[in-house]
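Reading through the structure tokens given below for one structure.
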Amino acid sequence: MIEWVTDLVAAGGWLGVLGLMFLENLFPPIPSEVIMPLAGFAAARGQMSFTLAVIAGIVGTLLGNAFWYELSRAIGSARIRPLFARYGRWFAVDDKDFDKAETTLRKYGPVALFFGRLLPGIRTLISIPAGLAHIPRLIFYVWTALGSTVWILFLTSAGYWMEDHYDKVEGWLGPLSYVVVAGILGTYAWHIWSTRVRKRP
């Protein structure tokens with residue numbers, strides 16, 4: 001996977017970075033923790049502009065999040081609520097959890113959006129409740145852009161400065177991404193199991 005992403009970044013330049021980050025925020029097959037450091041590697045080798053790599057990462061992230069936000073906003077919480085009532089147990093949530101999340105997001109929207117962009121597994125998902133709660137577009141896009149800028153700049157800079165140690169980093173970046181995905185799936189399975197056991201009479 002690392003070689004494929006590296007070749008795509010080198011061949012596609014900033015457009016490749018933009019496309020990968022867009023896909024990462026639609027349905028993350030490749031985490032940003034892999035994409036942006038590799039863009040930094042390419043910039044350090046003179047294969048692309050560091051500034052364009054960062055801008056492309058931010059734009060791709062915003063486009064991916066805009067898809068989920070605008071879709072969720074168009075659907076609205078009133079239409080989603082019956083689905084939570086019927087299928088919420090598979091996500092270990094119910095109507096009360098939904099109400100609590102919506103209230104918290106409306107109260108702490110900017111803070112949640114900013115720091116949510118820095119948390120694995122939350123970065124993309126937070127766009128959905130933000131849309132359902134009808135967080136104002138200006139707040140959503142400004143704070144999503146700010147949080148994304150911090151995260152992407154950090155990852156790209158790390159890749160840029162670690163360019164000389166690429167052979168060492170390459171060895172653990174790939175396995176690390178699989179560990180993160182396995183951890184998320186394991187946490188989800190445990191949460192479902194513990195919730196259903198706890199609710200048994």
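The values are calculated or read from the model by the stated rules, or taken from the named source; none is laboratory data. Predicted, not measured: the structure shown is a model, and the values here were computed from it. Here the Cβ is made from the backbone with ideal geometry for all residues, glycine too, and neighbour counts use every protein chain on show.
For beta carbons closer than 6 Å, sequence separation of 6+ or different chains, a first residue in the range 52-74 that is on the phi < 0 side of the Ramachandran plot and a second that is among the hydroxyl-bearing types (Ser, Thr, Tyr) and surrounded by fewer than 19 Cβ atoms within 10 Å (Cβ to Cβ), the qualifying pairs are Ile58/Thr149. With a requirement of 3 or more residues that are within 21 Å of Ala56 (Cβ to Cβ) and at pLDDT 90 or above, the helices (runs of 4 or more DSSP H) lying completely within the range 101-170 that satisfy it span 137-161.
Please work out which residue is modelled with the highest pLDDT, limiting yourself to the range 42-95 and to residues that are in a loop (DSSP other than H, G, I, E, B) and of a type in the set (S, T, N, Q). Reasoning before the result, please.
Keep residues of the range 42-95 that are in a loop (DSSP other than H, G, I, E, B), which gives 45-49, 76, 92-94.
Within this subset, residues satisfying the condition of being of a type in the set (S, T, N, Q) are 47, 49.
Details: Gln47: 82, Ser49: 90.
My answer is Ser49.
Please find, among Glu3, Glu24, the residue that is buried (at least 22 other Cβ atoms within 10 Å of the Cβ), at pLDDT below 85 and part of a helix (DSSP H, G or I).
Working: Glu3 fails: buried (at least 22 other Cβ atoms within 10 Å of the Cβ).
Matching residue, one of Glu3, Glu24: Glu24.
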